[in-house]
Amino acid sequence: AGLCGEGEGGEYVEAMYRKLVQKGSLTPDEFPVNTHGGLLGFGAPWEVPALFSVVEACEQLTGRAERDRQLSRCRSAVVYGNGGVFGSSAVAVLQQT
């Protein structure tokens, strides 16, 4: 399970974009990507802000995210980070137990 079926990612993003243009905003349940707003809002690149993504994933999985960001049925999360000029990368898949 994920945001969409295999091979349907482009159509999914396009549909969400059209919905965003029509409504003006989307709830985290409608589009559960960067529920904390993304790293640009943290003002620094690379490693340190990526930890905010890990914190956000843990908050989502434990139901502790702020009310306007909390997903109603979060069971897994994917966190990606890179360091240097894309010199190293890491991916973590987190799940409720």
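Numbers for the structure displayed
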{"item": "Positions within segment 21-40 being within 26 Å of VAL54 (Cα to Cα) and among the hydrophobic types (A, V, I, L, M, F, W, C), in sequence order", "result": "LEU26, PHE31, VAL33, LEU39, LEU40"}
{"item": "Failed item, numbered, when PRO28 is tested on (1) under 18 Å from ARG69 (Cα atoms); (2) open to solvent by less than 60 Å² (accessible area, probe 1.4 Å); (3) at pLDDT below 85", "result": "(3)"}
{"item": "Odd one out for ALA50, checked against (1) assigned to a helix (DSSP H, G or I); (2) at pLDDT 80 or above", "result": "(2)"}
{"item": "Residue ID - nearest to THR27 (Cα to Cα), chosen from residues in segment 60-91 that are in a strand (DSSP E or B) and open to solvent by less than 40 Å² (accessible area, probe 1.4 Å)", "result": "ALA77"}
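The values are calculated or read from the model by the stated rules, or taken from the named source; none is laboratory data. Quantities reported herein were computed from a predicted structural model and do not represent experimental measurements. Side chains included, ligands, DNA and RNA excluded: accessible areas come from the protein's heavy atoms. Shrake-Rupley method; radii C 1.70, N 1.55, O 1.52, S 1.80 Å.
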